[in-house]
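Participant: Got a structure for you, questions after.
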Amino acid sequence: MAIERTLSIIKPDAVAKNVIGKIYSRFETSGLKIAAARLVQLSRAEAEGFYAVHRERPFFKDLVEFMISGPVMVQVLEGENAIAKNRELMGATDPKKAEAGTIRADFADSIDANAVHGSDAPETAAVEIAYFFPALNVYSR
Ligand code: RTP
Ligand code: MG
C-alpha cells in the first residue's frame, strides 16, 4: 500500500467544542502522522475557493457561512492509504448515518456542522493540500 497524503480540516464546530486533541488522537492511533498543521480563520473568498466544486449546490451558501463562523484546524495527514483511512475515521457526511465510533458520530451535530473535512481522492488531496500549504512546509517524518 502506498504512502499517501490527505488534507483534513477540523471544522469550526469541533474547534469550538475544544476537541482538536481528541480528533488528533484518532489520527495518531490509526497510524496517520501530522505532516503540516495551521489554525486558520478562513475569509469568505478562501472558503468559497476551497469548496468551489460545490458552488452550484443548494447547501453552498450555508456551507461557506459555517466554515467562516470560527477558526478551523487544517492539517496534512500522511500514512498508508491516508485518504481512505481518514474518510473511514470521519464516518458518513450526515452524523446520524455515521458508524458508531467515527469522528462524526462522536463529535458532529448535523450534516452542516459535521466536525471534519477530508479529501476524497488523490487529485483533490493534491489540490487541497496546495491550497493551504506550500510544499516546503509539509514534512514527511
Ligand atoms: P467534506 O467534503 O466536508 O469532507 O464532506 P463530504 O465529502 O462527506 O461531503 P461533500 O458531499 O463533499 O459535502 C461537503 C460538505 O457540505 C455539507 N453538506 N451539506 N445539507 C446538505 O445536504 C449537505 N450536503 C453536504 C457538509 O458539511 C459536507 O461535509
Ligand atoms: Mg467532500
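Participant: Quick check of the Kirkwood formula: for segment 1-96, what is the inverse mean of 1/r over all pairs of different Cα atoms, in Å?
Facilitator: About 14.2 Å for segment 1-96.
Participant: I would also like to ask the following. Would you kindly state the longest site-free stretch of the chain, with sites defined as chymotrypsin sites (Phe, Trp or Tyr not before Pro) in a DSSP loop (not H, G, I, E, B) surrounded by at most 14 other Cβ atoms within 10 Å?
Facilitator: Value returned for the longest uninterrupted segment is 60-138.
Participant: If you don't mind, another one. Tell me, what is the percent relative contact order of the chain, built from C-alpha pairs under 8 Å that lie six or more residues apart?
Facilitator: Across the chain, relative contact order equals 38 percent.
Participant: Now for a different question. Based only on the alpha carbon positions, what is the Kirkwood hydrodynamic radius of segment 1-49, in angstrom?
Facilitator: After inverting the mean inverse Cα-Cα distance, the result is 12.7 Å.
Participant: Which loop GluC sites (Glu not before Pro) in segment 53-89, with loop taken from DSSP, have no more than 15 other Cβ atoms within 10 angstrom of their Cβ?
Facilitator: Qualifying residues, ordered by number: Glu56.
Just so you know, all these numbers are worked out from the coordinates, no wet-lab data involved. Note that this is a predicted model, so its numbers are computed, not measured. Note that each Cβ is placed from the backbone with ideal geometry, even for glycine, and that neighbours are counted across all protein chains shown.
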